[in-house]
Amino acid sequence: MTKRRSRGDGGIRWSESRQRWIAEITVGYTPAGKRKVRTANGKTKTEAKDRLKEMLREYDDGLPPEDRSFTVAQAVRDFLAHGLPRRSASTVEKLTILADKHIVPLIGRRNARELTADEVDTWLAGRAKDVSTRTLQELLSLLRRSLARAQKREKIKRNVALLCEVPEGRAGRPSKSLTFEQAEAVLAAAEFTSMRAYIVVSLLTGARTEEMRALTWSHTDLEGRPGLTPPIPPHVMVWRSVREGGDTKTAKSRRSLALPRRCVDALRAHQQKQAFARKLAGDNWEEHGLVFASAVGRELDAANVRRAFRRVLKKAGLTPTEWTPRELRHSFVSLLSDSGMEIEKISRLVGHNGTTVTEKVYRHQLRPVIQHGAETMDNIFTRDGAA
């Protein structure tokens, strides 16, 4: 007589309609007391037994049997949909593009439970031929966070992406800065264009592009308070950005910057042009108090700023596709460094937490030769009668 399985061990039966052996286990009960059953099938009884053992093992490990076919693509899609609640729309869009281009088409169909570290390494090595190291870091981070979310929800047992390291990718395009002559050419080309004030203020204050687009007239003082002691010069209060929540990149980024005379002149002219644009737009104007706004008062889009900036570059005789608006900030650092300003002062002006970031990001633009020691020693030994 066939021995009956113990409770909780599942069972195997023959399905005449499907012509298959069916393995099934009870994984719980509904609030109404109805059994929740999960099934698998096999062409032979032995195959069905193997599937039954697999389901029981997964159930003992806390893995829901219904997620046996859970894929990498599903993990990534779930993370993008629910794992970024406080991220901006632009961040979600950027990560979605990375997933659609580099993850889903290549390893998306792989069963997330069966994914191995070797497979992730192979995938990264293949991507390293086409993308920069920075992009590889973002891809691995996205995969790790997606699998971590799936692991917390008991869809997979482990996060194999944590065992992998980022390989060396293709060299990215290095940031560069305008020379003094190029900067003068760009400023001249910006005259009588809608980008004049934007370019002048960016180049002469070093504000980030996301800070420029969020700047408001209420945070712009074109008069200052010369009668105070000490006097307060015309300045902009860089207290906001277009980042999610409106915060600046770091706490040190929240700063007030004195305006050079050229900036004050450009902003006054820009204020008059904006007043005319407001009148021209009539009821279509949306008042947000932005210094740099669209023709109807809305916040400028980064792509629109880039296109307008490149039109000015073309007029200045530069190759437009080789430059981006953020390199006005790099040029600001470079011009100050060339003039001999200390890195500590430059770091404060650009809103860095310390000099480390300034040195790391702008190392190619900072003065490479520190002359104070040599000059002092020359003076000492010359005074002692040398040479």
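Quick notes on this structure:
- Residue in region 122-132 that is in a strand (DSSP E or B) and modelled with pLDDT under 95 present: yes
- Residue in region 86-101 that is open to solvent by less than 40 Å² (accessible area, probe 1.4 Å), more than 19 Å from the chain's Cα centre (by Cα) and not basic (Lys, Arg) present: no
- Any hit, region 296-307, residues being acidic (Asp, Glu), more than 25 Å from Arg87 (Cα to Cα) and surrounded by fewer than 18 Cβ atoms within 10 Å (Cβ to Cβ): no
- Among the residues here, Glu119 does not qualify as of a type in the set (Asp, Glu), under 24 Å from Glu154 (Cα atoms) and modelled with pLDDT under 95.
- Once region 22-45 is narrowed to residues that are basic (Lys, Arg) and over 20 Å from Ser69 (Cβ atoms), the residue that is least open to solvent (accessible area, probe 1.4 Å) is Lys45.
- Within region 194-227, considering residues that are in contact with a strand residue (DSSP E or B) (Cβ under 8 Å, 6 or more places away or on another chain) and hydroxyl-bearing (Ser, Thr, Tyr), the one surrounded by the most Cβ atoms within 10 Å (Cβ to Cβ): Thr205
- Among (1) crowded, with 20+ Cβ neighbours inside 10 Å; (2) closer than 17 Å to Thr71 by Cβ, the one test that Leu124 misses: (2)
- Scoring Val264 on the criteria (1) surrounded by fewer than 17 Cβ atoms within 10 Å (Cβ to Cβ); (2) among the β-branched types (Val, Ile, Thr); (3) at pLDDT 85 or above leaves a single failure, condition (1).
- So Ala295, is it at pLDDT below 95, within 31 Å of the chain's Cα centre (by Cα) and assigned to a loop (DSSP other than H, G, I, E, B): yes
- Answer residue from region 268-288, given it is in a helix (DSSP H, G or I) and among the charged types (D, E, K, R) and is nearest to Leu215 (Cα to Cα) among those: Arg268
- Filter result (exposed (fewer than 14 other Cβ atoms within 10 Å of the Cβ), in a helix (DSSP H, G or I) and not acidic (Asp, Glu)) within region 312-343: Lys314, Thr321
- Of all residue pairs spaced 6 or more apart or on separate chains, those with beta-carbon atoms under 8 Å, a first member in region 150-162 that is within 15 Å of Thr71 (Cβ to Cβ) and touching a residue at least 60 places away in the same chain (Cβ under 8 Å) and a second member that is of a type in the set (Gly, Ala, Ser) and crowded, with 20+ Cβ neighbours inside 10 Å are Ala150/Ala75; Ala150/Ala112; Lys155/Ala75; Lys155/Ala112; Ile156/Ala75; Ile156/Ala112; Ile156/Ala150.
- Scanning region 39-82 for residues that are modelled with pLDDT under 75 and outside any loop (DSSP other than H, G, I, E, B) gives Glu58, Tyr59, Asp60, Pro65, Glu66, Asp67.
- Test: residue in region 172-193 that is assigned to a helix (DSSP H, G or I), modelled with pLDDT under 90 and open to solvent by less than 10 Å² (accessible area, probe 1.4 Å): no
- Residue in region 283-305 that is basic (Lys, Arg), touching a residue at least 24 places away in the same chain (Cβ under 8 Å) and within 23 Å of Val238 (Cβ to Cβ) present: no
- Residue within region 148-161 that is open to solvent by 30 Å² or more (accessible area, probe 1.4 Å) and β-branched (Val, Ile, Thr) present: no
- Residue match in region 57-71 (condition: hydroxyl-bearing (Ser, Thr, Tyr), surrounded by fewer than 17 Cβ atoms within 10 Å (Cβ to Cβ) and over 26 Å from Gly28 (Cβ atoms)): no
- In region 102-116, of all residues being in a loop (DSSP other than H, G, I, E, B) and open to solvent by 80 Å² or more (accessible area, probe 1.4 Å), the one that is modelled with the highest pLDDT corresponds to Arg109.
The values are calculated or read from the model by the stated rules, or taken from the named source; none is laboratory data. Everything numeric here is computed off the predicted structure, so don't read it as measured data. All Cβ positions, even for glycine, are placed from backbone atoms using ideal geometry, and neighbour counts span all protein chains on display. Surface accessibility is based on the protein's heavy atoms, side chains included, excluding ligands, DNA and RNA. Shrake-Rupley method; radii C 1.70, N 1.55, O 1.52, S 1.80 Å.
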